[in-house]
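*Asks:* Can you keep this structure in mind? I'll have questions shortly.
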Amino acid sequence: MSTILKEILAANEAYAKDFGDKGNLPMPPGRHFAIVTCIDARLDPAKFAGLREGDAHVFRNAGGRVTEDAIRSLVVSYKLLGTREWFVIHHTDCGMEYADSATINSLLAQSLKPAKLDEQGWHDTKDNSGTTDGEFINWLTIDDPIRSVCVDVKRLRSHPLVPGYIKIYGYLFDVKTGILNEVPEATKIGKEI
Ligand SMILES: [Zn+2]
């Protein structure tokens with residue numbers, strides 16, 4: 001058994017022992033809101049937004065982008081489970097700012113082993129395990145995180161399945177300070193209509 005697997009199972013055992021009455025929580029999020037954010041390991045929405053089990057929906061992907069699946073999840077979130085306010089939260093120093101789609105595709109074409117980044121840029125092992133299949137994926141890399149928050153809030157606000165009464169906010173999490181900074185242009189785009 002891997003070390004990580006052992007650690008996770010031990011942590012879960014301790015968690016389940018202390019689970020208490022959380023087994024009685026209803027399915028709909030009690031505080032009626034949802035967060036879309038990045039997978040970055042430095043971001044812990046439960047901590048930076050003060051969540052407890054049962055409070056909110058949290059959707060995460062690379063960059064915290066509003067993809068088709070984010071939209072699918074958010075529509076279910078409001079339509080079936082009653083959320084009324086949504087937060088799109090990108091962050092400083094996001095990994096999605098470090099490579100554009102062409103770079104990711106070229107790295108994948110060289111090798112399926114992890115690439116390394118140094119001052120000279122990305123390097124790969126060129127071990128012939130690569131594939132050009134990455135070209136079929138829209139990597140949704142980020143040039144400017146303020147802009148990406150605005151683009152994603154706009155995508156939600158203008159989607160035909162997203163009703164005007166849903167409040168949508170745009171924020172940028174600062175990985176150096178832990179502060180959530182509003183992106184006012186995005187919140188303006190996301191206001192109720
Ligand atoms: Zn990120």
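*Asks:* Hey, what did the chain get for relative contact order, percent, Cα under 8 Å, at least 6 apart?
*Replies:* Dividing the mean separation by the residue count of the chain yields 20 percent.
*Asks:* Related question: For the pair Y15 and D127, what calculated FRET efficiency results from E = 1/(1 + (r/R0)^6), where r is the Cβ-Cβ distance and R0 = 41 Å, to the nearest 0.05?
*Replies:* Once the sixth-power term is evaluated, E becomes 0.55.
*Asks:* Now for a separate question. I want to verify the translational diffusion coefficient of the chain in µm²/s; compute it with Stokes-Einstein, Rh as the Kirkwood radius over Cα pairs, at 10 °C and 1.306 mPa s.
*Replies:* For the chosen part, D equals 85 µm²/s.
*Asks:* If packing is taken as the mean number of other Cβ atoms within 10 Å per residue, what is the order of 156-162, 74-80, 112-118, 54-60, highest first?
*Replies:* 54-60, 74-80, 156-162, 112-118
*Asks:* Where Lys and Arg each count +1 and Asp and Glu each count -1, what net charge lies around I166 among other residues with Cβ under 12 Å from its Cβ?
*Replies:* Neighbour charge sum, excluding I166 itself: +3.
*Asks:* So, one more: Report, ordered by chain and residue number, the aspartates and glutamates lying within cross-link reach of K176, taken as a straight Cα distance under 18 Å and ignoring same-chain residues fewer than 8 apart.
*Replies:* D40, D44, D93, E97, D144
*Asks:* Below 8 Å between Cα atoms, with a sequence gap of 6+, how large is the relative contact order for region 147-193 in percent?
*Replies:* RCO, region 147-193: 45 percent.
*Asks:* Sticking with this structure for a sec: Where a Cα-Cα gap under 26 Å defines reach, which lysines qualify for K191, not counting those fewer than 8 residues away within the same chain?
*Replies:* Result set, ordered by chain and number: K47, K79, K154, K167.
*Asks:* Considering only protein heavy atoms, what per residue accessible area in square angstrom results for region 66-122 with a 1.4 angstrom probe?
*Replies:* Accessible area per residue, region 66-122: 54 Å².
*Asks:* Per DSSP H run of at least 4 residues, take -39500 (n - 2.57); add these up for the chain, divide by its residues and hand me the 222 nm value, nearest 500 deg cm²/dmol.
*Replies:* Theoretical 222 nm ellipticity from helices: -9500 deg cm²/dmol.
*Asks:* Okay, next question. May I ask you to give the percent of accessible area on the chain that is carbon plus sulfur, with a probe radius of 1.4 Å?
*Replies:* 56 percent
*Asks:* Report the label-to-label distance for E119 and I4 in nanometres (one decimal), using points 7 Å from each Cα along the Cα→Cβ vector.
*Replies:* A separation of 3.1 nm, rounded to one decimal place.
The values are calculated or read from the model by the stated rules, or taken from the named source; none is laboratory data. Predicted, not measured: the structure shown is a model, and the values here were computed from it. Every residue, glycine among them, receives a Cβ derived from its backbone with ideal geometry; neighbour counts consider all protein chains shown. The accessibility values were calculated without ligands, DNA or RNA, using every heavy atom of the protein model including side chains. Shrake-Rupley method; radii C 1.70, N 1.55, O 1.52, S 1.80 Å.
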